[in-house]
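Structure record follows, encoded as C-alpha cells.
The values are calculated or read from the model by the stated rules, or taken from the named source; none is laboratory data. On a predicted model such as this, the values are computed, not experimentally measured, just so you know. Here the Cβ positions follow ideal geometry from the backbone for every residue, glycine too, while neighbour counts run over all protein chains shown. What goes into the accessible areas is simple: the full protein's heavy atoms, side chains included, and nothing from ligands, DNA or RNA. Shrake-Rupley method; radii C 1.70, N 1.55, O 1.52, S 1.80 Å.
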Amino acid sequence: MSQTAQTRQPVPSADAPTPLLAVDEIEVIYDAAILAVAGVSLHVGEGECVALLGANGAGKSTTLKAVSGLVQADRARVSRGQIHYAGAAVTGVAPHQLARQGIVHVLEGRHVFPQLTVEENLRAGGFLRAPGRRALAASLERIYTWLPRLKTKRHTRAGLTSGGEQQMLALGRALMTQPRLVLLDEPSMGLAPILVEEIFEIIAQLNRQEGISFLVAEQNLRVALRHAHRAYVLANGRVVEQGEAKALAARDDIHSFYLGGVLPEQRQSSTS
Ligand code: ATP
C-alpha cells in the first residue's frame, strides 16, 4: 500500500448539507422496458473521491450515464428520482450543457480518437471552453505535468499507444475541460496491476491537490477502496452497502456482494 493512500482522510465536506452531486432514488429504464437502476441514492461532496463498486451488470455505468445525461444516447431515461448538481436540478439535462457546468464523463473502454495524435486528442478536450492559444498551451502543460507519459507520446497516434496510455489520454482529455466533477468508468479495465495503481495514484493526487471531485465506477474494489474516501456497493441496480472506504475495506464479507449480489438481509437469513 502506498504512503499517500494510507494517510487519506475523509473530507469533512462529505457531510455538508449541499453536496456537489446528489442522486436521489433514481430509476433508469432502457428501451422503456429494462429496469437497470432501481432506486439508487448517493452523494459526492466537493473535493471528495467516491467509489461506485459492483460486479458486471450491477448498474454502475448506467448510474454514471444518468448523472452525465448520456443515458439518452442509449435509449434510456431516468424514469423516477432526482439528480442535483451544485444545488440545481439537472435530471435530463443534455450532456454538453452539463459538461459546460463542470461534469465530465470518462467512458468505460478508453474512447480516444485513434487516428489523431495524443496532443490532438487533448486539444479536442480543450475546445469545450474555447480558450485562446496561450490558455490552451497552458492547459496542455498542466496535463503533461499530471500525466508525464502523455508528453513523451505527444506526437504519436493515439491508436498506437498502450492501453494504459490510452486510459491516461482519456483522463487527460477530460481534464482539459477543467472539470469540477469527473465521472470515471472502470479505469482499471484490462490494465496490468502496476498501471492500475499508477492511474489511481494520479486520480488521488488530482483530487487532493486540484480539489477535483471524482465518482469512480470500479470492479477492482481493493484498489478503489484504497484511494477513495467513501464507497457505495451496487448489486442488481441497488445500493447494498455504503460507508467510509477504510471501514468497507476492513470487512471480510465485502467480496460476497460480487458473488451474485447477495443482499445483507438474504445473507442473514441464510446463515440463521
Ligand atoms: P459493467 O461493469 O459490465 O459495465 P455495470 O455495473 O456498469 O456493469 P451496467 O452496464 O450499468 O452495469 O448495466 C446494468 C444493467 O443494464 C444490466 O442488466 C445491463 O444488461 C443493462 N444495460 C446496460 N446497457 C444497456 C443497453 N444499452 N440496453 C439495454 N440494457 C442495458
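Worth a mention:
- Within the range 39-63, considering residues that are within 22 Å of Ile203 (Cα to Cα), more than 12 Å from the chain's Cα centre (by Cα) and among the hydrophobic types (A, V, I, L, M, F, W, C), the one farthest from the ligand (Cβ to nearest atom): Leu42
- Pairing residues of the range 188-209 that are outside any loop (DSSP other than H, G, I, E, B) with residues that are among the β-branched types (Val, Ile, Thr) and at pLDDT below 90, at Cβ distances under 7 Å and at least 6 apart in sequence or on separate chains, gives Glu201/Thr4; Ala204/Thr4.
- Remark: pairs (first residue in the range 46-75, over 13 Å from Leu181 (Cα atoms); second residue more than 7 Å from the ligand (Cβ to nearest atom) and aromatic (Phe, Trp, Tyr); Cβ separation under 6 Å; 6+ apart in sequence or on different chains) = Leu52/Tyr232; Ala55/Tyr258.
- Residue in the range 78-94 that is within 16 Å of the ligand (Cβ to nearest atom) and outside any strand (DSSP E or B) present: no
- Residues that are open to solvent by 60 Å² or more (accessible area, probe 1.4 Å), part of a helix (DSSP H, G or I) and either closer than 30 Å to Asn220 by Cα or in contact with a Phe, Trp or Tyr (Cβ under 7 Å, 6 or more places away or on another chain) (or both), drawn from the range 95-119: His96
- Here the condition is being of a type in the set (Val, Ile, Thr) and surrounded by fewer than 22 Cβ atoms within 10 Å (Cβ to Cβ); of Ile143, Ile202, it holds for Ile202 alone.
- Qualifying residue in the range 30-38 (condition: in contact with a helix residue (DSSP H, G or I) (Cβ under 7 Å, 6 or more places away or on another chain), aromatic (Phe, Trp, Tyr) and more than 13 Å from the ligand (Cβ to nearest atom)): no
- On the stretch given as the range 218-253, residues that are within 16 Å of the ligand (Cβ to nearest atom), open to solvent by less than 10 Å² (accessible area, probe 1.4 Å) and farther than 14 Å from Gly59 by Cβ total 3.
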